[in-house]
Amino acid sequence: MFRSVRGMKDLYGREAEKYDFICNKFRSIGERYGFEMIYTPLLEYTDVFSRSIGDETDVVSKEMYSFLDKGDESVTLRPEGTAGAIRAIVCEHLDQFLPVKVMYCGEMFRYDRPQKGRFRQFRQFGIEWIEEKNPYTDAITIAIAVDCIQSIGLFDFKVLINSLGDEETRENYTKAIVKYLSRHEDMLSIESQARLKKNPLRILDSKNNQDIEICSMAPIFIDYLSKEARLYFNKVCSLLEDYGINYEINHFLVRGLDYYSHTAFEIQSTSSSYRDALGGGGRYDRLLSVFGGQDVSGIGFAIGIERLMILMDSLFVQKNRRKIAVIPVSETENSFAFSVFRNLQECELPVEFIHHGNLSKKMKIADRLGCNIAILLGENEIQDKTATVKFMNSCDAAMKTKIIKLDDIINFLRCN
C-alpha cells in the first residue's frame with residue numbers, strides 16, 4: 001500500500017480548514033500593513049540558499065533537500081522563504097523602488113527528524129520589508145507578527161528579542177566568544193568543536209544540553225554593542241513598549257540563519273500543550289547585495305503554521321457551511337432536476353446533484369457530503385412547479401420541510 005513520505009502530511013477536512021483560516025487571517029493582517037503577496041518557486045538553485053543562509057548553518061549543512069537536475073545543476077526545495085523572496089525582488093528589479101513590502105504563504109522542506117510541530121514538508125507565512133534601516137520598521141514588524149498570532153485567538157506566547165549588532169559588534173563579540181569557548185572546547189559537542197573554528201556564533205544556537213550549559217555563562221552580545229548599535233536597540237525596545245508589547249531580552253538568541261544583524265526576535269509558545277518557537281525573524285543587512293541587488297537593509301519574519309494548528313485545535317470551530325443537494329425522486333425526474341441544479345450553480349449557490357440509487361440512498365449520500373438542505377423533485381413537484389425543501393439538520397419541526405415555488409427557490413435559499 002502506498003503511503004506519504006515520512007514527515008510529509010496530508011491536510012484535509014478540519015486540518016485543511018484550519019490552514020486556510022490561518023492563511024486568510026494572516027494575509028488580511030499583511031494587507032492592513034500594506035504588504036502584497038509574492039509567489040516564488042518551490043525549487044531554486046542551491047546557491048540561493050547556501051550563499052545567503054550560510055554554509056555552516058544546520059539548514060544548509062544537514063537539512064536541505066538538494067539534488068542534481070537533468071542539466072547537472074544543483075537545485076534545492078526551498079527550506080525557508082526569505083532567500084527566495086529576496087532573489088525574486090532583485091531579479092524583478094523591485095528593489096529599484098523602495099520600500100518593497102511582500103508576504104508569502106506556502107510549503108517549505110527540510111530533512112529533519114519528524115516530531116510534534118516539526119515536519120519535513122511544512123508551511124510558513126512570512127513577510128519581507130525592504131527599506132532603509134530604522135528602528136520603527138523593526139518595531140512594526142514585530143507588532144505585525146504579534147497581531148497575526150493574536151488574530152487567530154492565541155495569546156499564550158512571549159516575545160524574545162536580542163541585538164546582534166553591526167559589523168563592529170560582531171567582530172568584537174566573535175573574538176570574545178571564541179576566547180571563552182576555547183577554554184571549554186573539550187566539553188563541547190563534536191559538532192560545536194567544529195563550529196568553533198568555522199562559525200562560532202552558531203554554537204549559541206546549539207540544542208545539545210552540554211553546549212547550552214556552557215553557553216549560559218558565555219559573554220553576551222549586549223556588552224559588545226557599538227554605540228550606534230546600542231542606541232538602535234534601545235530605540236526598538238522603547239517603541240515596543242509604546243506599542244504595549246511585552247518582551248524579554250534573550251542574550252543568546254541568534255536565530256538559525258547567518259544573514260541576521262541588529263534586531264533578532266522569536267515568538268515562543270507558553271501553552272502547556274506546545275512549548276516551542278512559533279516563529280521569528282529579524283533584520284538583515286546586505287542580503288540583497290548577495291543576489292546582486294542594492295546595498296540596502298531589510299527585515300522579516302516567518303511563522304510556522306502547523307505549530308499554530310496544534311495550539312488552536314480546541315479553539316477552532318469549523319464553519320457550518322450551507323450546502324444544497326438537488327435530488328430527483330426517481331430517474332424520470334433526472335433531466336428536470338439537472339436543469340434546477342445548473343440554475344443554482346449559475347447563481348453561485350453551493351450545490352450537489354445526487355442522482356444515483358433510490359431516494360433513501362441519495363439522502364444518505366447528501367448527508368455524507370455535508371449537505372444540510374435537500375431539494376426534492378418528484379412527479380408532483382414538477383407538475384405543480386414547486387420543490388420540496390428539506391432542512392436535514394433542523395430540530396425545528398416547522399422548519400423540517402417546506403414546499404416552495406420553483407420561481408422563488410433561489411431567493412428562499414439565499415434568505416435561509
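The values are calculated or read from the model by the stated rules, or taken from the named source; none is laboratory data. As the structure is a prediction and not an experimental result, all values here were calculated from the model. For neighbour counting, all protein chains shown are included, and Cβ atoms are generated from backbone atoms with ideal geometry for every residue, glycine included.
Table for the structure above
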item	result
Residue in segment 175-190 that is nearest to the chain's Cα centre (by Cα), counting only those that are part of a helix (DSSP H, G or I) and closer than 19 Å to residue 253 by Cα	177
Hits in segment 166-187 - residues which are surrounded by 15 or more Cβ atoms within 10 Å (Cβ to Cβ), of a type outside the set (Ser, Thr, Tyr) and within 25 Å of residue 280 (Cβ to Cβ)	166, 170, 172, 176, 177, 181
Qualifying residue in segment 395-413 (condition: touching a residue at least 24 places away in the same chain (Cβ under 8 Å), part of a loop (DSSP other than H, G, I, E, B) and closer than 30 Å to residue 21 by Cβ)	no
Selected residue [hydrophobic (A, V, I, L, M, F, W, C) and modelled with pLDDT of 95 or more] from 5, 100	100
Selected residue (only one of 375, 382 is assigned by TED's automatic domain parsing to the domain that holds residue 330, at pLDDT 95 or above and surrounded by 13 or more Cβ atoms within 10 Å (Cβ to Cβ))	375
Qualifying residue in segment 1-22 (condition: surrounded by fewer than 13 Cβ atoms within 10 Å (Cβ to Cβ), under 18 Å from residue 125 (Cβ atoms) and either in contact with a Ser or Thr (Cβ under 9 Å, 6 or more places away or on another chain) or among the aliphatic types (A, V, I, L, M) (or both))	yes
Residue check for residue 164: at pLDDT below 95, more than 28 Å from residue 295 (Cβ to Cβ) and in contact with a helix residue (DSSP H, G or I) (Cβ under 9 Å, 6 or more places away or on another chain)	no
Identity of the residue in segment 205-221, of a type outside the set (Lys, Arg) and modelled with pLDDT under 85, that ends up farthest from residue 170 (Cα to Cα)	206
Residue that is in contact (Cβ under 8 Å) with a residue 60 or more places away in the chain and over 28 Å from residue 7 (Cβ atoms), where the choices are 131, 80, 107	131
Segment 34-71, subset aromatic (Phe, Trp, Tyr) and in contact with an Asp or Glu (Cβ under 8 Å, 6 or more places away or on another chain), residue modelled with the highest pLDDT	45
Residues satisfying the stated conditions in segment 205-249, i.e. out of contact with any strand residue (DSSP E or B) (no Cβ under 8 Å at 6 or more places or on another chain) and among the small types (Gly, Ala, Ser)	206, 216, 218, 226, 238, 244
